[in-house]
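Colleague: The structure follows.
The values are calculated or read from the model by the stated rules, or taken from the named source; none is laboratory data. Computed from a predicted structure; not experimentally measured. Cβ sites come from the backbone with ideal geometry, for glycine too, and all protein chains shown count toward neighbours.
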Amino acid sequence: MTTRARTRRFHGWRVVAAAFVLALFGLGAGFHGPAIYLHAVHQRTGWPLGLISTAVSAHFLLGALVVGHLPVLYARFGVPAVTKAGAFGLAVGVLGWATAAAPWQLFGAALLSGTGWGAMSLAAVNAIVSPWFARARPAALAMAYNGGGVGGILFPPLWAAAIPLLGFPVAAAAIGLVMTLVIWGLADRVFSQTPQGLGLAPDGTPPEATPPALQGTAAKPLPGSLLWRDRRFLTLAAGMSLGLFAQIGLVMHLFSLLVPALGAQRAGLAMALVTTMAIAGRSFTGWLMPLGADRRLVACLGYAVQIAGSLAFAAAAGTNVALLLLGVVLFGAGFGNGTWLPPLIAQAEFAEAEVPRVAALVIAIAQAIYAFAPASFGLVRALGADAAGGDAAPGLFLAAALVQGLAITTLLAGRRRRLP
C-alpha cells in the first residue's frame, strides 16, 4: 500500500471524528448542561440556589477525580468499557437531576453525572486521540476538541427548548438515550482499535518509520512523586488552572452582563459567537502551528488576546456595544486554547510514556480549581456592586485580566532555556 493510500485510510482520523462526537455529547450534557439543570431544578423544587449550586460544584469536582484516574481506568478496563460506562453514568445522572425529590437524591445524581462527565471530558478526548498522532497531533486534537465547542452551541438551546416542551424528566431521558446509544456504538466500532493492533505507528506510518523529533522524546521519566517536584509540571498545572479559572469565571457571568446593553436574544447570539471564535482560534492555531514551536509561548499569546478582550469589556462599562462585541471576539479567540494546548505542551516537554499521566493530572487539577471560579467571580461582582452602588462588571473583568496575566507569568516561568 502506498503512503498516500495508507494516510487516506488511516483509522486515526476516524478516531478523531468519533472523539468529536464524544466531546459534543460530553460537554453538551456534562459541562454546558449544569447551568441549565440548576435553573430547571430550582424552578421545579424551589430549593435554594446555594444548595443546587453546591451540587453543581460536586458534579465538577467528581469529574476532576475521574479525570485524574483515567490512565489507570483505561489500563485496567480499556477505553471502550470506560467510555460506555461514562455515557451511561452521565445519562442516568442527568435523569436524576430531573427527578430528584430530595436534596440527597440531587447529590446522588451529581455523583453519577460527575463521574460520567469525567469519562467523556476533553481529558478523555485527549487520551483517546493522542496515541494515534505525533506530528499531526495539534491538528487532530483541535478537530476533536471542536466537538465540545459545537456542543456548547447546540446543547444549551436544545435543553432550553426540550425542557419546557417535554418536561425535564422526558427531555433528560430522550437525550440521554440518544447519547448512550451513539457513544456505545462508537466505543465498539472505533475506540476498540489501537495503532499497535493495526500494526501502525502514530500518524499512520509503518512501525519502523522514524518518529518526529520533539523535545519531549529526550526527557527523563518522572515516576511517582518525582513528577510533583518537577518545575515544568508544576508551572503547566498552575498556568492551566489560572487560565481556566479566569475563563470559566468570566464566561459564567458574561451573559447576564451583556443583557442590559444587547438584550437577551442578542446576548445569547454573542455567547454563541464566543464559542464560534473559540473553534476558529483553536482550528487556526492547530493547523498552522509549526512542529517545533514553543507551545508555552503560543499558549501565552492566547491568554494575551484574552486579556485584551477582558480590558475591552471593562472599557465598555456595560454600555458601549462596539467595545462589548470587540471583547466577545477577542475573548472567544483565545478561549479554546486553554484546554487544548496544555496536553500539547506535555507532549513536547515530557517523555512520551509520561504524557498521558501528565495530561490527565494537569486537566484534573485545573478542573477541580475552576469548579470554584463562578462563585469566586460572583463574590467579586457582588462586593464591587456593594461598594459602587451598581454592577461591578469592570472589577470582574479586571480580575479576569489579572488572573490571565498570572497564567502567562506562570507558564513562562516553566520554559526550558534553549541552547544556542
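Colleague: Filter the helices (runs of 4 or more DSSP H) completely within segment 58-143 down to those with at least 2 residues that are of a type outside the set (Asp, Glu) and surrounded by 24 or more Cβ atoms within 10 Å (Cβ to Cβ).
Modeller: The qualifying helices (runs of 4 or more DSSP H) are 79-99, 103-118, 122-129.
Colleague: Name the residue that is modelled with the lowest pLDDT, counting only residues in segment 215-236 that are surrounded by 11 or more Cβ atoms within 10 Å (Cβ to Cβ) and among the aliphatic types (A, V, I, L, M).
Modeller: Only one residue tops the list, namely ALA219.
Colleague: Which residues, counting only those in segment 270-302, are under 18 Å from ALA346 (Cα atoms) and crowded, with 20+ Cβ neighbours inside 10 Å?
Modeller: First, the residues of segment 270-302 that are under 18 Å from ALA346 (Cα atoms): 282, 285-286, 289-302.
Once the filter is applied, which keeps residues that are under 18 Å from ALA346 (Cα atoms) and crowded, with 20+ Cβ neighbours inside 10 Å, segment 270-302 yields ARG282, THR285, GLY286, ARG295, ARG296, ALA299, CYS300, GLY302.
Colleague: Only one of these is out of contact with any helix residue (DSSP H, G or I) (no Cβ under 9 Å at 6 or more places or on another chain) and under 19 Å from ALA127 (Cα atoms): ALA75, ALA19. Name it.
Modeller: ALA75
Colleague: Only one residue in PRO212, PRO156 is part of a loop (DSSP other than H, G, I, E, B) and at pLDDT below 90, so which one is that? Working first, answer last.
Modeller: Numbers: PRO156 fails: part of a loop (DSSP other than H, G, I, E, B).
PRO212 is the lone residue from the list that is part of a loop (DSSP other than H, G, I, E, B) and at pLDDT below 90.
Colleague: Follow-up question, since we're still on this one. Does VAL72 count as in the same structural domain as HIS42 (by TED's automatic domain parsing), out of contact with any strand residue (DSSP E or B) (no Cβ under 9 Å at 6 or more places or on another chain) and over 14 Å from PRO169 (Cα atoms)? I'd like the intermediate steps shown before the answer.
Modeller: Details: in the same structural domain as HIS42 (by TED's automatic domain parsing): yes; out of contact with any strand residue (DSSP E or B) (no Cβ under 9 Å at 6 or more places or on another chain): yes; over 14 Å from PRO169 (Cα atoms): yes.
For VAL72, the condition - in the same structural domain as HIS42 (by TED's automatic domain parsing), out of contact with any strand residue (DSSP E or B) (no Cβ under 9 Å at 6 or more places or on another chain) and over 14 Å from PRO169 (Cα atoms) - is met.
Colleague: Just to be sure, is PRO260 under 28 Å from PHE155 (Cβ atoms) and surrounded by 22 or more Cβ atoms within 10 Å (Cβ to Cβ)?
Modeller: Judged against the criteria, PRO260 is not a match.
Here is a yes/no grid of residues against (1) over 22 Å from the mean Cα position of the chain (by Cα); (2) of a type in the set (Val, Ile, Thr):
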| site | (1), (2) |
| --- | --- |
| VAL15 | no, yes |
| PHE25 | no, no |
| GLN43 | yes, no |
| ALA58 | no, no |
| VAL67 | no, yes |
| PHE88 | no, no |
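Colleague: Let me ask another. How do the pairs read when you match residues in segment 287-301 that are within 15 Å of ALA134 (Cα to Cα) with residues anywhere that are part of a loop (DSSP other than H, G, I, E, B) and not aliphatic (A, V, I, L, M), using Cβ under 9 Å and keeping only pairs 6 or more apart or on different chains?
Modeller: Correct list of pairs: LEU291/ARG135; LEU291/PRO212.
Colleague: Then there's this: Given the structure, is TRP159 in contact (Cβ under 8 Å) with a residue 40 or more places away in the chain and either crowded, with 18+ Cβ neighbours inside 10 Å or in the same structural domain as ALA366 (by TED's automatic domain parsing) (or both)?
Modeller: yes
Colleague: Filter segment 382-394 for residues that are over 17 Å from GLN247 (Cβ atoms) and either modelled with pLDDT of 75 or more or part of a helix (DSSP H, G or I) (or both) and give the result.
Modeller: Across segment 382-394, the qualifying residues are ALA382, LEU383, GLY384, ALA385, ASP386, ALA387, ALA388, PRO394.
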